[in-house]
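The values are calculated or read from the model by the stated rules, or taken from the named source; none is laboratory data. If you're wondering where the values come from, they're calculated on a predicted model, not measured in any experiment. In this analysis, Cβ positions are derived from the backbone assuming ideal geometry, glycine residues included, and neighbour counts consider all displayed protein chains. Areas reflect the complete protein model, heavy atoms only, side chains present, ligands, DNA and RNA absent. Shrake-Rupley method; radii C 1.70, N 1.55, O 1.52, S 1.80 Å.
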Amino acid sequence: MKESRTLDQLAKLIATLVVMMMYTCQATISPYNLHPLILIPGNGGNQLEARLTSAYEPPSLLCNRWYPISRNKDGWFRLWFDPSVLLAPFTKCFAHRMTLYYDLGTDDYHNAPGVQTRVPHFGSTQSLLYLNPHLKEITGYMAHLVESLEEIGYEDGKTLFGAPYDFRYGLAAEGHPTRVGSKYLQDLKALIENASSSNGGKPVILLSHSLGGLFALQFLNRNPLSWRRKFVKHFIAISAPWGGTVEEMLTFASGYSLGVPLVEPLLVRDEQRSSESNLWLMPNPNLFGRERALVITPNDNYTAYDIPEFLNDIGFPQGVYPYKTRILPLMDRNQLAAPGVPVSCVIGSGVRTPETLFYGPNGFDEQPEIVYGDGDGTVNMVSLLGLESLWSHSQNQTLRVIKIVGASHTQILKDGAALSEIVRQISTINSQFSFGK
């Protein structure tokens, strides 16, 4: 008799627990119980402002301290994106103010003398929507994505947050200072903890685009595993260049207009070469290998293992030392280790992507002939799928790769089918029930 009562009590307890779990799962799916979501943009994916001090020395009269005219009362003006970059004389002014300088003495990068920069609206999605809010039609970035997230209940500043950064700066290997990059990682950590705290302690979903994925993975692996599992529910990386791109070699060799009409690539080449983050996006030898020539000239062929020689031969020897000491160690497999939190990669495929660059006898001042391969138009497929090979033997790491056929590197943030898949992934994550989360 006692055993029968005990079994009845146990059955009632199990039934109660099942009902509680079902109720909890339903509550988790509710738009009022979303996991906070933090957006991390890619290279050039947020607004950037500048201010000139008395130490600024313009390269020409046109670039004097009084240009541009439009500034706020404290002297700040929009540096990226400003439409004046489309006009050749002002392109030079823009490039001069965007240029970074590597200081061998401090082993770090800094702005041009007299140029101060800042990233507006950290914590909000405001500076990620449009690179210039006065030119919404041509500078839209994450606006469509944010609208799609708002449709399922996300709200800026409450459950949805932005983590913009000065995308010219990157990170460096252990033992090397990165004043700007390290400060960004500190701010990102504080944002994650505050977003979690203001949402009942729920862990956050990190959603990155392009270069933002490299920052996010470095950020995760630079924090303790216990912290990651407490504060990060899931990491979604969109179009992440895990192994860099061949297109970056084109940028360094001949300059790249980024598809902006009227911009002469050679006018922005020096500025692009100065960017620490661009150096970080060079092809990773661990993924591209020794056999494949990425740049071919009448005199030499360059693989991903030949980047130092390539930098020297294109006339940028000052990039060799920081590449070897600060950047190359970041490309090591250990630096791209599995973070121990669930990861999903959403990538485009089936878009013609630069795979081999052929330069003629006139050298690197002319645009090359290009052989194309698979990718998203910017990032090569071997790079987009980099985590599959790098983490092939990792234990206890969840990795899912979702391919969107025909979605290009930036259109993936605007394409209807791609946005539907991204939102579906986020909805699925929000509906997952897990103890202690």
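Between TRP76 and VAL320, the modelled label-to-label distance comes to 4.1 nm, taking each label 7 Å out from Cα in the direction of the beta carbon.
Each Lys and Arg contributes +1 and each Asp and Glu -1, all at the Cβ; summed about the Cα centre of segment 40-109, the dipole is approximately 400 debye.
The long axis of helix 179-197 is offset from the longest Cα principal axis of the chain by roughly 20 degrees.
Computed about its Cα centre, the charge dipole of the chain is approximately 1720 debye, with only Lys, Arg, Asp and Glu carrying charge at their Cβ.
Annotation: extensible slack from LEU86 through ILE296 equals 72.5 nm (criterion: 0.36 nm per residue apart, minus Cα-Cα distance). In this simple spin-label model, placing a label point 7 Å from the Cα along the Cα-to-Cβ direction at both THR106 and ASN312 gives a separation of 2.8 nm. Using only Cα atoms and rounding to the nearest 10 degrees, what angle (0 to 90) does helix 88-98 make with the longest principal axis of the chain? With rounding to tens, the tilt is 60 degrees. Counting only DSSP beta bridges with both residues in the chain, tell me the antiparallel percent, nearest 5. Approximately 40 percent, going by the DSSP bridge assignments. Hydrodynamic radius of segment 305-437 by the Kirkwood approach over all distinct alpha-carbon pairs: 17.9 Å.
Ranking ALA237, LEU135, LEU267 by Cα position along the charge dipole of the chain, where only Lys, Arg, Asp and Glu carry charges on their C-beta atoms, puts ALA237 farthest toward the positive end.
Determine, from the Cβ-Cβ distance of GLU155 and LYS183 and an R0 of 35 Å, the FRET efficiency 1/(1 + (r/R0)^6), rounded to the nearest 0.05. Here the calculated transfer efficiency is 0.80. In this label model, ILE402 and ALA173 are separated by 3.6 nm, measuring between points 7 Å along each Cα→Cβ vector.
Against the chain, whose longest principal axis is taken from its Cα atoms, helix 416-431 shows a tilt of about 40°.
Here, the chain has an Rg and a Dmax of 23.7, 99 Å when only alpha carbons are counted. Ranking GLU271, GLU366 by solvent-accessible area of protein heavy atoms (1.4 Å probe, all protein chains present), from largest to smallest, gives GLU366, GLU271. Rounded to the nearest 20 debye, the dipole magnitude of segment 63-160 is 600 debye, with +1 charges on Lys and Arg beta carbons, -1 on Asp and Glu beta carbons, and the Cα centre as origin.
How large, in percent, is the carbon and sulfur part of the accessible surface of the chain at a probe radius of 1.4 Å?
Accessible surface attributable to carbon and sulfur in the chain totals 54 percent.
In the chain, the calculated helix contribution to ellipticity at 222 nm averages -10000 deg cm²/dmol per residue, counting -39,500 (n - 2.57) for every DSSP H run with n ≥ 4. When you restrict to C-alpha pairs under 8 Å that are six or more residues apart and normalise by the size of the chain, the relative contact order lands at 17 percent. In the context of the full set of protein chains, residues of segment 37-431 present 41 Å² of accessible surface per residue (probe radius 1.4 Å, heavy atoms only).
Among the listed pairs LYS158/LYS183; LYS158/LYS189; LYS324/LYS403, those whose Cα-Cα separation exceeds 28 Å are LYS324/LYS403.
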